[in-house]
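Computed from the coordinates by the stated procedures, all read-outs in this text should not be read as laboratory data. Here the structure is a predicted model, which means the values were calculated and not measured. Note: ideal-geometry Cβ built from the backbone for every residue, glycine included; neighbour counts use all protein chains shown.
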Amino acid sequence: MPSRKSPSKAKRRTSHHCVIADRLPFAPHQIGHLLDETGRYDEPLDREFPFVIKLFRYTSRLHTRGATWHERLELFLPLDGPARLRMGDELVELAAGDLLVVDNLKLHHVEDFPGFDTRVIVVSFLPEFVYSLGSPSHDYAFLLPFYSKVDKHPHILRADDPLARSVGEVLGRLLECYFAREDRQFREAGCKAFLLEILYHLARQFRGSKVRKWEFVRQQERSLRLKGLFDHLSANFAERITLEDAAKLAKMSLPQFTRLFKSVAGTTFVAYVTHLRLSHSLRLLQETDRTIAEIADSAGFADQSYFDKRFKKSFGQSPRQFRERQRTAGENRPKS
């Protein structure tokens, strides 16, 4: 099969990670089989090496829709063209070569737009790969870009930033090490070394959001306090649950719960539950022949008209239009 030329390869600056990436295969972004009904993206990782790099190609015609969340920390870098990510209530605009520090616990998804076509490098790892109990105390600094967004804005290293060249060179070495077919004896140690170098650069870049170690630990504890609620919603998202019910499950007062939930999830509790239900319905529209009314009911919406309204507001089209376009795209997709 002839190699595919990147859609805007001629327009992007040549960098070490781009050169390495051009030698590697990028798969269509199809991760539906790894998502549960709430959009949790749970890919098994080796506890001894909880680290993975995914190479995806996103297009308007083919990528997994719907909001996701996960416990892994993640870096997201589009190679060829622009990309748009919705994280919580915020829409993040990325250009080719921009490196985004993803708010992993917030519901997030890549948004579609006309002409969307780019390869993306996604670097994911569990926090304990970098810092855990027993680690030297200063190692927590490597994770600050993920936990210290006190300014409320996403951390993005833009492609035209002077530091981007250095980070790109390290990322290129990381790709070489991770995907090497030979000399794999030091692969895991090498990957960790290059990852730490990238995180070191990012931590220094975003030093304006520097927090003390106790503040960092407190942010982790905030997330853990809501874990039981997240697990409950994962299993019971279609059931009616009020804000007061959620606060009781989290064992907090209503004002305390409201503030904490927004700081951790990046959106309100009602919006979060709506996202879970829409993500579930989106997959049923793609993967089943159930009627739209049946899907609305199974996702926990009071009636089909309200489901249609919420779906169109989130995805810019009605459930019926979405299903028809998905079927048309499937029929026109080249057979392998």
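One chain, two ends: SER253 and ALA302. Fully extended at 0.36 nm per residue, the span grows by 14.9 nm beyond their Cα-Cα distance. Computed from backbone phi, the HN-Hα couplings of the range 242-254 come to 8, 4, 5, 4, 5, 4, 5, 4, 7, 6, 9, 6, 4 Hz, rounded to whole numbers (Karplus: 6.51 cos²θ - 1.76 cosθ + 1.60, θ = phi - 60°; Gly and Pro given as x). Between THR59 and ALA180, residue separation times 0.36 nm minus the direct Cα-Cα distance comes to 40.8 nm. The trypsin sites (Lys or Arg not before Pro) of the range 264-327 that DSSP puts in a loop, and whose beta carbon has at most 14 other beta carbons within 10 Å, are ARG290. Taking each residue as 0.36 nm, the span from VAL19 to GLN326 lengthens on full extension beyond its C-alpha to C-alpha distance by 107.1 nm.
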